[in-house]
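One structure is given here, and the rest of the page talks about it.
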Amino acid sequence: MLYPLAETTECDFKRELETKKPKSWLKSVSAFANGIGGKLIFGVDDSGEIVGIIDAQKSAEAISNLIKTRITPTPQFILTLEKEQEKSVLILTIEAGRATPYYYKADGIREAYVRIGNESIVAPDYILNELILKGKNQSFDALTNDVKKEDYSFTLLEATYYERTLLKMEPKDYFSFCLADKKGYLTNAGRLFADQYIVYNSRVFCTRWNGLEKGSVFDDALDDKEFEGNLIYLLRSASDFVKNNSKVRFYKDVEYRVDKPDYAERAVTEALVNALIHRDYIVSGSEVHIDMYDDRLEISSPGGMFDGKAVQEHVITDIGSMRRNPVIADLFHRMKFMERRGSGLKKIISETEKLPGYNESLKPIFYSDGSSFRVILKNVNYGTTKVSDKVSDKVSDKVSDKLNEKEKCFFNVLMTLAKQHDFVTTKVVAEAAGMPEATTRRYLAKFSKMDIIVSDGKNRSKKYYLKNTSTTEANP
């Protein structure tokens, strides 16, 4: 087989060579050169059926001439002739270019294209800007601004650098670390590490949703925070948000207690660091998003993979180190927020695999497209039994002498449900106990006052959990 079974990010089929309207295929040449490269196969229709191409030699000459006259700068390409089912097929292989952006130009039009899925589209402004920087061998975070270092403070950066390296950050280090130039003007990286909020896109939006899907922030969010400013502050604040909205359960082994956190702390840190250092800061009006649900944690950041290929098309263990923001990445590495370059995604997987209760269905998921990157961590405790028989028995002994017979019956129903479910609602308990919801709410309120259960949420979405933090769970 000479080619994939269908059009993909790296492959495009053309039934015939169009010379009167060459833009129909030259835009794919531009897109492949601006991305990870690819193949244009002439003589194959959209369904993958081989139809062949007439006069292959003449077509090959036309392809070469049109690329040289209509694509600027001229990308590197290889043109080969293959025989398949006794029909001629021309395969045009375009190399990933270094002198980006590669433009299609004709009739006063000059457009750069990029590949999104199996389509070649005009590059949005933010991608075009990134292509321009890439072609100049520059990065956004290394660009200098007309902002003087002396006008801003860097207390958090210097304190954190000392805390994590035991080295004092000297004035000369700002130039050495590419945070400022010799004249004292800050780079974009320097601006992102200043105490003051001077880069509008330097933000993280965090939401703990009630349930498994997004809803209205006003009605369906259990917790909602927005952070902006210094990258170290964003990392710490986002980490705290995840901790405050996660739980660490545990069970007792023969000789010791085994903690069961919802998520691996190191995996969360790696995912947050990855979002902050590899995101595309050129995308205006963008920010990192953290969305927590009952069963998962999603961390999304602007900008796809820097090499242009979707992360789901990579073998995670084989992904090399390609950094969109090398200055920021280098400083995070110096401060030991991240391990050796290129190992972040593998670390997320390996740390998650260490969690008690882990199985293959809980493996982290990575997804990217042309404009975003997302990490999904599964809650390893979701759907597991909330309490053990010993715990409920201990609670029963604690309250049995304080209840009348009806309350004891209700309490037994509540304990049975607590063993079977992560939480209960008024409706669930009322149906199990065979009593009106109004009466059920009154009994639940009494047990809340007795510090036996705790509630979360309000009205019909209120959830009740068995409380016994000394033996079942604790917030980190």
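Structural remarks
- For Asn201, the criteria (1) open to solvent by less than 40 Å² (accessible area, probe 1.4 Å); (2) of a type outside the set (Ser, Thr, Tyr); (3) at pLDDT 95 or above hold in every case but one, which is (3).
- Residue identified as among the polar types (S, T, N, Q), over 15 Å from Ser301 (Cβ atoms) and at pLDDT below 90 among Thr385, Thr352: Thr385
- All told, Gly211 meets the bar of being part of a loop (DSSP other than H, G, I, E, B), of a type in the set (Gly, Ala, Ser) and either farther than 14 Å from Ile290 by Cα or in contact with a helix residue (DSSP H, G or I) (Cβ under 7 Å, 6 or more places away or on another chain) (or both).
- Within the range 224-232, the presence of at least one residue that is buried (at least 17 other Cβ atoms within 10 Å of the Cβ) and part of a helix (DSSP H, G or I) is confirmed.
Each row is one residue, and each column tells you yes or no for (1) closer than 19 Å to Ile299 by Cβ; (2) in contact with a Gly (Cβ under 7 Å, 6 or more places away or on another chain); (3) modelled with pLDDT under 95.
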{"site": "Val327", "(1), (2), (3)": "no, no, no"}
{"site": "Lys336", "(1), (2), (3)": "no, no, yes"}
{"site": "Arg341", "(1), (2), (3)": "no, no, yes"}
{"site": "Pro356", "(1), (2), (3)": "no, no, yes"}
{"site": "Ser371", "(1), (2), (3)": "yes, yes, yes"}
{"site": "Leu377", "(1), (2), (3)": "yes, no, no"}
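- Pair list, Cβ under 8 Å, 6 or more apart: the range 161-180 residue closer than 16 Å to Arg191 by Cα and in contact (Cβ under 8 Å) with a residue 24 or more places away in the chain, other residue part of a helix (DSSP H, G or I) and open to solvent by 80 Å² or more (accessible area, probe 1.4 Å): Phe177/Arg334
Listed here are the residues, each with its yes/no results for (1) open to solvent by 50 Å² or more (accessible area, probe 1.4 Å); (2) closer than 21 Å to Ile94 by Cα; (3) among the hydrophobic types (A, V, I, L, M, F, W, C); (4) touching a helix residue (DSSP H, G or I) at 6+ places or on another chain (Cβ under 7 Å).
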| position | (1), (2), (3), (4) |
| --- | --- |
| Ser120 | no, yes, no, yes |
| Asn137 | yes, yes, no, no |
| Lys149 | yes, no, no, yes |
| Pro171 | yes, no, no, no |
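- Among helices (runs of 4 or more DSSP H) entirely within the range 136-193, having at least 1 residues that are in contact with a Phe, Trp or Tyr (Cβ under 6 Å, 6 or more places away or on another chain) singles out 155-165, 188-192.
- Condition broken by Tyr185, with the remaining ones in (1) open to solvent by less than 60 Å² (accessible area, probe 1.4 Å); (2) of a type outside the set (Asp, Glu); (3) more than 17 Å from Ser301 (Cα to Cα); (4) at pLDDT 95 or above satisfied: (1)
- Qualifying residue in the range 431-442 (condition: on the phi > 0 side of the Ramachandran plot and either among the aromatic types (Phe, Trp, Tyr) or open to solvent by 30 Å² or more (accessible area, probe 1.4 Å) (or both)): yes
The values are calculated or read from the model by the stated rules, or taken from the named source; none is laboratory data. Values in this document were obtained by computation on a predicted structure and should not be read as measured data. Methodologically, a virtual Cβ is constructed for each residue, glycine included, from the backbone with ideal geometry; neighbour enumeration extends over all protein chains shown. All accessible areas refer to the heavy atoms of the entire protein, side chains included, with ligands and DNA or RNA removed. Shrake-Rupley method; radii C 1.70, N 1.55, O 1.52, S 1.80 Å.
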